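Following: one structure in structure tokens, then a few remarks.
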Amino acid sequence: GKGAYDHYMLKEINTQPTALKQTIEGRLDVEDATVDIEDFDRGTFSEFDRVQFVACGTSYHAALYGSKLLDDVGVDSTAYRANEYDTNTGPACPDTLVVAVTQSGETADTLKAMRYAEADGATTLAVTNVVGSTAAREADHSMFIRAGPEIGVAATKTFSSQVVSLALLSRQFAMDFPDASPRADFDELAEALARLPSDVETVLDQSNARTIANRYVNDDAFFFIGRDLGFPVAKEGALKFKEITYQHAEGFTSGRLKHGPLALVTPSTPLFAIVTGRHNEKTLTNAKEAKSRGAPIVLVTDDPDAHSDLADVGLEVPSTHPLLEGLLANVQLQLLAYHAADQLGRSIDKPRNLAKSVTVE
Ligand code: M6R
């Protein structure tokens, strides 16, 4: 049940430290900086040249995040929205590993993309929360994210556990893929992964997201911008916000702001800028452009003091490895969406028109 929480969503946000521990448990050796994922012996993925991710909604955002993690270890990868996969890519081929990211393992669009890839001779891997789901049964390989059951329609802990699973997989791929050229030193990432549950705990304990949600909740529209790993977080922040508040929210790469959306920016459109990890200079410039049009600027950052002239207010996260700070930023945005929806009295666990898994194409 929900226990002491008003909603499953809040419970699921708050139990992320435990979920993440389960995701990592027994799979990460910090001392040796290696991973050991059940069923995947060394070399399991040694015949592949590239990865294609297929996923929908929040899982697509996790796939975008994962694709950047693979980039970092020199593995060629692209994330596709599963519903557009067949029209956006040529046929997959035997040297392509198609990774379906799906919490439920039952999303029709994702299953269809997997089957399409399989028919082309690709090998498939399902990254899923549900053992025995259709995706897990049909895929050649499975990795379970072990987040525990998620009841709220809005995906929260499963996003975090998916991203961490993909971070572990990135290490496995870096060791297996013949063309990988590990740029990243896994030592520091391994340590940061082990610390992640307690970093999330810190965010949960110290978050001011409720105050910020209350301040802006009745505004006209909500923009979320970020670059690099901040991009999937901006997309996910906007999706979560619109899904449960029914307020208009959009997430995009920072640089897109001036190519259209800026026309909508007013003192009643708060801009949430993800300034975690790396490559933030342009995001800061773009946030300034919005500020000069009067938009309130909320910076999600590990260094609020550095940007006190720009930000009206900050959502702070602990500093950690640049590849993982985005995950902490995302927890702040989950809380923001939750408190905004709560303030508006929305049906948080079952938003209108939405179902937990979308089993029609
Ligand atoms: O079960 P899946 O991960 O395949 O579901 C994909 C999307 O339908 C899902 O993430 C949806 O976007 C959530 N309601 C987002 O909170």
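The values are calculated or read from the model by the stated rules, or taken from the named source; none is laboratory data. A quick note: this is a predicted structure, and the numbers were derived from the prediction, not measured. Cβ coordinates were reconstructed from backbone atoms using ideal geometry, including for glycine residues, and neighbour counts include every protein chain displayed. Protein only, heavy atoms only, side chains kept; ligands, DNA and RNA dropped before computing areas. Shrake-Rupley method; radii C 1.70, N 1.55, O 1.52, S 1.80 Å.
Just how large is the dipole of region 1-133 about the Cα centre, in debye to the nearest 20, putting +1 at every Lys and Arg Cβ and -1 at every Asp and Glu Cβ? The partial results should precede the final answer.
Details: 10 positive and 22 negative charges, 122 e Å.
The dipole of region 1-133 has a size of about 580 debye.
Each principal axis of the Cα atoms in region 153-301 has its own extent, and those three values, largest first, are 50, 33, 25 angstrom.
Stretched out straight at 0.36 nm per residue, the stretch from LEU344 to LYS21 would grow longer than its current Cα-Cα span by 113.0 nm.
Let me check I've understood the local charge: for ASP302, count other residues with C-beta under 12 angstrom from its C-beta, Lys and Arg +1, Asp and Glu -1. What total comes out?
Details: positive: ARG278; negative: ASP199, ASP303, ASP305, GLU316, GLU325.
So the surrounding residues net to -4.
Looking at region 282-358, which GluC sites (Glu not before Pro) are DSSP coil and have at most 12 other C-beta atoms within 10 Å of their C-beta?
none
Taking every DSSP helix (H) stretch of at least 4 residues in the chain, weighting each as -39,500 (n - 2.57) and dividing the sum by the residue count yields a mean residue ellipticity at 222 nm of -13000 deg cm²/dmol. Computed with a 1.4 Å probe on the full set of protein chains, the accessible area for ASP220 sits at about 100 Å². Once a ≥ b ≥ c are taken as the square roots of the eigenvalues of the Cα gyration tensor of region 105-216, is the result rounded (a/c under 1.5), prolate (a/b larger than b/c) or oblate (a/b not larger than b/c)? Because a/c hits 1.5 or more and a/b fails to exceed b/c, region 105-216 counts as oblate. Charge dipole of the chain (Cα centre as origin; +1 on each Lys and Arg Cβ, -1 on each Asp and Glu Cβ, all else neutral): 1540 debye, rounded to the nearest 20.
With a cut-off of 19 Å on the backbone N, the residues of region 190-225 near the modelled label site 7 Å out from ARG352 along Cα-Cβ are 217-222. Averaged over residues, the count of other Cβ atoms within 10 Å places the peptides 6-13, 55-62, 291-298 in the sequence 55-62, 6-13, 291-298, highest first.
Rank GLY237, GLY132, GLY251 by mean-square fluctuation in a GNM of the chain with C-alpha springs under 10 angstrom and give only the top-ranked residue. Comparing GLY237, GLY132, GLY251 in the GNM, the peak value goes to GLY132. Assign one of three labels to region 217-300, namely rounded, prolate or oblate, based on the Cα gyration tensor with a ≥ b ≥ c the square roots of its eigenvalues; rounded applies when a/c is under 1.5, prolate when it is not and a/b is larger than b/c, and oblate otherwise. Oblate shape, in that a/c is at least 1.5 and b/c is the bigger or equal ratio. Enumerate by residue number the trypsin sites (Lys or Arg not before Pro) in region 121-192 meeting two conditions: DSSP loop (anything except H, G, I, E, B), and at most 12 other Cβ atoms within 10 Å of the site's Cβ. Filter output for region 121-192: ARG183. Can you tell me how region 20-164 classifies by the Cα gyration tensor, rounded, prolate or oblate, using a/c under 1.5 as the rounded cut? Note, shape of region 20-164 comes out oblate. Comparing VAL163, TYR338, THR269 along the charge dipole axis of the chain, the residue lying farthest to the positive side is THR269, per the Cβ-charge model. Please report, to two decimal places, log10 I(q)/I(0) for the chain at q = 0.13 Å⁻¹ as given by the Debye formula with identical point scatterers on the Cα atoms and no solvent. Here the Debye-derived log intensity ratios amount to -0.99. Considering only PHE241, LEU70, GLY226, the residue lying farthest towards the positive end of the dipole of the chain is PHE241, judged by Cα position with unit charges set on Cβ.
How large is the dipole of region 191-301 about the Cα centre if only Lys and Arg carry +1 and Asp and Glu carry -1, each at its Cβ, rounded to the nearest 20 debye?
So the magnitude is around 400 debye.
Using the Cβ of ARG183 as centre and a radius below 10 Å, the other residues enclosed give a net charge of -3, where K and R count +1 and D and E count -1. Net charge near GLY260, counting Lys/Arg +1 and Asp/Glu -1 over other residues with Cβ under 14 Å of its Cβ? Counting the neighbours of GLY260, the net charge comes to +1. Across region 253-356, Cα-Cα distances exceeding 19 Å account for 50% of all pairs.
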